[in-house]
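Notes to accompany the following structure.
Rule-based calculations on the coordinates, nothing more; no lab input. These numbers were taken from a predicted model, which means no experiment stands behind them. Methodologically, a virtual Cβ is constructed for each residue, glycine included, from the backbone with ideal geometry; neighbour enumeration extends over all protein chains shown.
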Amino acid sequence: MPGILRFFGRWHKFTVCLVWLLAILGLLSGGRFEMFLIPEFFHVLWPAAVILILFTCSRIGEPPSGGIVLREAAGALLLLLPLYGIWRAEGMVLESDAFNTRFIGGLSTGEGDGPAAGTPPGTGFSNQPVSEVPMDKIFENPYLYAGRRLAVVGMLTTDNRQVAELMGRNCPVLFRFAMTCCAADAIPLALVVDLPESASLEENAWARVTGKFAIRRIQGQKIPILEEPELRPVKRPERPYL
């Protein structure tokens, strides 16, 4: 322990810069930061890496301080503490527990109670069926997709009390999280999957669900539903957040 304190006391500035530089370069490698940050953070992390390179180089020729400097050692360890959170977050994805906590139900849309003027339900892109639509695109203009057969990728949960109360049975829910900035502020989007309650599904499994998209008004709420669904297991996308 005294050896570690002595090291940090003498080389704390260089060590902090170097470790943070390696951490940021690691996140930039292969776009790993997109597991919990929006892609636009690329334009923030690269300048940060350049600045850290300059700081690290500036500390190389600086003579180390003498003795065991507890305050400097403690400060260096404090600055390195956020890296533990980054390490813990890597590979983790928000699942049904986070969904059930954040989900408020219904459709988050500005389209009112029906299609936009001049936009008949089920039309808008082409006369051909839509093969696959990202969930966030559906919520941007849900009435554009009403009555169309869609294929949507997401995670499955069968344990949402709010949906069970609205539907009168324990319906599966297909959900994704849409990020504004990072995973901490991610908003859940969800489609009810109109399957029998007896259907056996794995919690938090990724699936591609194909079904006819409908918007049902139940107990005063607009509920987005995939009717006549067909489920196919898929691997987790490289970018799990929308």
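The set of residues in the stretch 171-184 that are out of contact with any strand residue (DSSP E or B) (no Cβ under 6 Å at 6 or more places or on another chain) and over 17 Å from ASP97 (Cβ atoms) comprises MET179, THR180, CYS181.
Of all the residues that make up the stretch 27-56, how many are assigned to a loop (DSSP other than H, G, I, E, B) and among the β-branched types (Val, Ile, Thr)? Reasoning before the result, please.
Narrowing the stretch 27-56 to residues assigned to a loop (DSSP other than H, G, I, E, B): 36, 38.
In the following step, the residues that additionally are among the β-branched types (Val, Ile, Thr) were identified as 38.
Number satisfying all stated conditions: 1.
Based on this model, can you work out whether ALA205 counts as among the small types (Gly, Ala, Ser) and within 20 Å of the chain's Cα centre (by Cα)?
Yes.
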